[in-house]
Each structure stands twice: as structure tokens, then as C-alpha cells.
Amino acid sequence: MARPPGPTMRAMSLTQPAPAERRPLRLVDRPRPEPGAGDVLVRVEACGVCHTDLHIAEGDLAPRRADLIPGHQAVGVVAAAGSGVTTPPPGARVGVAWLHRACGRCEFCRRGLENLCVAALFTGYDVDGGFAEYMTAPADFVYPIPEAFAAIEAAPLLCAGIIGYRSLRLSQIAPGERLGLFGFGASAHLALQVARHWGCEVYVFTRSASHRALAASLGAAWTGGVEDTAPEAVDAGIVFAPSGRVVVDALSHLRPGGTLAVNAVHLDGIPAFAYARLYGERGLRSVANSTRADGHAFLALAAAVPLRPRVERCPLEEANDVLLRMKRGEIQGAAVLEIG
């Protein structure tokens, strides 16, 4: 392929959404981006692959732009800074997450809910992300990476970890209570570790035998399918599977007065169900994005526990294979692309 003039980088680009079986990403040479005012240029070392990347690649989420570089769990080193940036300095280890920018002025931002900002932009969706050797991000929206984590371990913390932490909070689970996790991928395997740190008993509902084994190895008290009878009702639950049928089935495992949080940026639709499943002051709420406060709080907690992400490493050029394996439920823990 012809290389563009000037400094270049390798990247996996999405020209047009397509099923993962059709390998929608292609390896390209792109001009290396330059940081604008208030931005930093990050030399990417690793980038986690999220189920949201699969939704973007397959078009479940409506495309926002053409020739997009996905990826919103990037870890790297600040290579350069734009005008007005004093921190983080060049050489600092940073992470870039899903929330690329919020306006800071709208009603939601003023209330501390920048995750709901009406003008928010998202990494790897509205702007180019971390499936590349370099990327830019606003300096105010990157995170310092705790020394306890290598880049490959830190990458899944930046979305799977942060959104799992927000889901735990919105589920209203209290220390020592019983938590149900419905679906068991990258986010759930980190949320389980946080819940165990809080002294919670965790039930994991998943179809996959290998995922059940991983959950048990991480301290789950019980594993089974959503159609199985668990030993007890759960006090709170989180649905990670992008399935409305699972949401309905999960309600049958929730005690009266409990809350079920739905951690899904895309859901295939919730079928009609008997009101009795929701009755008893059960609560059902969605989880939408995350705030910088979530990110800073979670990364500090992750280092204190410390969390141990289970990671499958893959080179950048195998991103299509990772998306297909993710679609098939074959990833154990989190998948991370090694780049730098």
C-alpha cells in the first residue's frame, strides 16, 4: 500500500460496518496525528478490545464517521503535548477511556453527570481511538496509570473496569450482600473481584462452561445458567449480556426491593414480560457511559485491591480475529491488543 507523506503509524481502520465474520477492520498506514490545543499525543502500548468495539464494527451502533479507528481502552506514554498543556508531561504513563470529552456546561455536566452530557464525544466512535500506534486525547480526560499495572493489565481497566465499577454502584449493592452477575466477560470478571473485596457473595449466571470455571476461580460462590435455580435470591444484580431476554430472566432471581443494573450500550430489545417479575419494588436501570470521577476512583481501588485482570494478548493486526472470538463468546477475561 502507498504510504502517506510525513510521519506515519499503523492502525486498524473501520471503513464500513460489517459482520465480524467479514473482517470489517483493515490494517492501514495513517499520518501520525498532531495534538491540538489542550491535547496530548499518546504513543499507544496496548489497547483493550471491548464488546462496544464489536457493536461499532458490526453497525449495531449507528456509524458516526467514516474510516474510524476503534478502541477506547488505550494505555501508553505521552509523546507530545499541545499548547496550554502542563500535565501530564511527556513521558507520563496514561490511559484513554470511552469518554473523550464533555462540554462542562450543560445541565448534566453541572450536576456531576458528564456521562450524560448532551455534547459528549466518545473515543473510538466519534474520534479515532487506540487500535493504532498513536492517538490524541484531551489532557483533562486521560488517567494516570497506577504503577501496579503493566500496560497490558491496565488496558481493560479503562472501560471494562470503570463501567463495571459504575454498574456496581448503580446496582446499590452493599458490602456483604449477595450479588448476581448475568453474563461473564471482561467487565464482569473485574466487577466480581471488586465485589469479593467488599465481602459480597457472588452468583454468576452464564451459558459458557469455561466462563463458569473462570468465575469460580475468582471466588464466585455459585455459577450456573440464568434458567437454573440459584441457592438464594440476589440482593442486587448486573446484566452484562446484550440480551433483553436475559434482563427479563434476571429479574426472577432478584429479591423484592433489589435493583438490577443493565450494563449494555446496545440491547437487542426487551420482550414483554409479566409485571409480577418487576413487582415488589424491584428496580431496573440502565448504565450509560461513565464519568472521570468514576475512572479515578476505580483505578485507585484497582491498585489497592489489587485487581488481577485475566488477559488474552493479541497483536494489532489480529483485531478482526479478536472481534469474531468475542462474538462467539470465546474470550476468557479480557482481550488486549499489544501495539507498542
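No lab work stands behind these numbers, since they all come straight from the coordinates. Predicted model only: the values in this text are computed from it and were never measured. Please note: Cβ atoms are built from the backbone with ideal geometry, for glycine as well, and neighbour counts cover all protein chains shown.
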Handout entry: Interatomic Cα distance distribution for the range 148-227, bins of 5 angstrom, percent
Key = 3, 16, 27, 24, 19, 8, 2, 0
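By how many nm would the segment from SER210 to ALA174 grow when fully extended, if each residue of separation counts as 0.36 nm and the alpha-carbon distance is taken off? Before the final figure, lay out the partial values.
Numbers: separation 36, 0.36 × 36 = 12.96 nm, distance 2.83 nm.
In short, 10.1 nm is gained.
Compute the semi-axes of the equivalent ellipsoid of the chain, taking the square root of 5 times each eigenvalue of the Cα gyration tensor, and list them largest first in whole Å.
In descending order the semi-axes read 34, 21, 19 Å.
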Practice task
Quick one: check the C-alpha center-to-center distance for the range 153-178 versus the range 204-235, whole angstrom.
Solution key: 17 Å
Exercise for the section: Between beta-carbons, use under 13 Å as the cut-off and find the net charge around ALA261, counting Lys and Arg +1, Asp and Glu -1. Expected result: +3
Completion exercise
Simple SL model, points at 7 angstrom along Cα→Cβ for ALA62 and GLU107; separation in nm is 2.2 nm
Handout entry: Dipole in debye (nearest 20) - the range 162-286, about Cα centre, beta carbon charges: Lys, Arg +1; Asp, Glu -1
Key = 220 debye
Problem - In nm, spacing of pseudo-spin labels at ALA79 and ALA119 (7 Å Cα→C-beta vector) - result: 2.9 nm
Fill in the blank from the handout: Residues meeting the amide H criterion for ILE270 (H placed from the backbone, H to H distance under 5 Å, 5 or more places apart or on another chain) are none
Handout entry: Fully extended contour minus Cα-Cα distance, from ARG10 to SER252, at 0.36 nm per residue
Key = 82.3 nm
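How high is the relative contact order of the chain, in percent, with contacts defined as C-alpha pairs under 8 Å that are six or more residues apart? Could you put the intermediate results ahead of the total?
On the way: 840 pairs, mean separation 64.7, N = 340.
The value is 19 percent.
Counting only C-alpha contacts under 8 Å and six or more residues apart, can you give the relative contact order of the range 171-244 as a whole percent? Can you show the working numbers first?
Values: 137 pairs, mean separation 30.7, N = 74.
It comes to 41 percent, rounded to a whole number.
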Handout entry: J(HN,Hα) series, the range 269-285, from Karplus relation 6.51 cos²θ - 1.76 cosθ + 1.60, nearest Hz, glycine and proline x
Key = x, 9, x, 4, 8, 5, 4, 4, 5, 9, 4, x, 6, 6, x, 10, 9
Exercise for the section: Would you list the P(r) distribution for the range 45-89, with all Cα-Cα distances sorted into 5 Å bins from 0 and each bin expressed as a whole %? Expected result: 5, 17, 20, 16, 14, 14, 12, 3
Exercise for the section: From the P(r) of the range 162-286, can you give the percent of Cα pairs sitting at distances over 26 Å? Expected result: 9 percent
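I'd like to compare 248-254, 67-73, 205-211: which one has the highest average count of other Cβ atoms within 10 Å, and what's the full order after that?
Values: 248-254: 20.4, 67-73: 25.7, 205-211: 18.6.
Descending mean neighbour count gives 67-73, 248-254, 205-211.
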Fill in the blank from the handout: For 180-186, 272-278, 298-304, ranked highest to lowest by mean beta-carbon neighbours within 10 Å, the order is 180-186, 298-304, 272-278
Practice task
Determine, for each peptide in 257-266, 228-237, the mean count of other beta carbons within 10 angstrom over its residues, then list the peptides with the highest first.
Solution key: 257-266, 228-237
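Rg(Cα) of the range 67-148 divided by 2.2 N^0.38 Å? Write down the numbers at each step before the final one.
Details: Rg = 13.2 Å, N = 82, 2.2 N^0.38 = 11.7 Å.
Rg over 2.2 N^0.38 Å, computed on Cα atoms: 1.12.
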Problem - Spacing of the two label points (7 Å from each Cα toward its C-beta) at HIS266 and LYS327, in nm - result: 1.0 nm
Problem - FRET E, pair HIS197, ASP29, Förster distance 41 Å, beta-carbon r, rounded to 0.05 - result: 0.40
Exercise for the section: Give me the distance between the Cα centres of the range 269-340 and the range 70-123, rounded to whole Å. Expected result: 20 Å
Handout entry: Value of [θ]222 nm, deg cm²/dmol, for the chain, DSSP H segments ≥ 4, -39500 (n - 2.57) each, nearest 500
Key = -6500 deg cm²/dmol
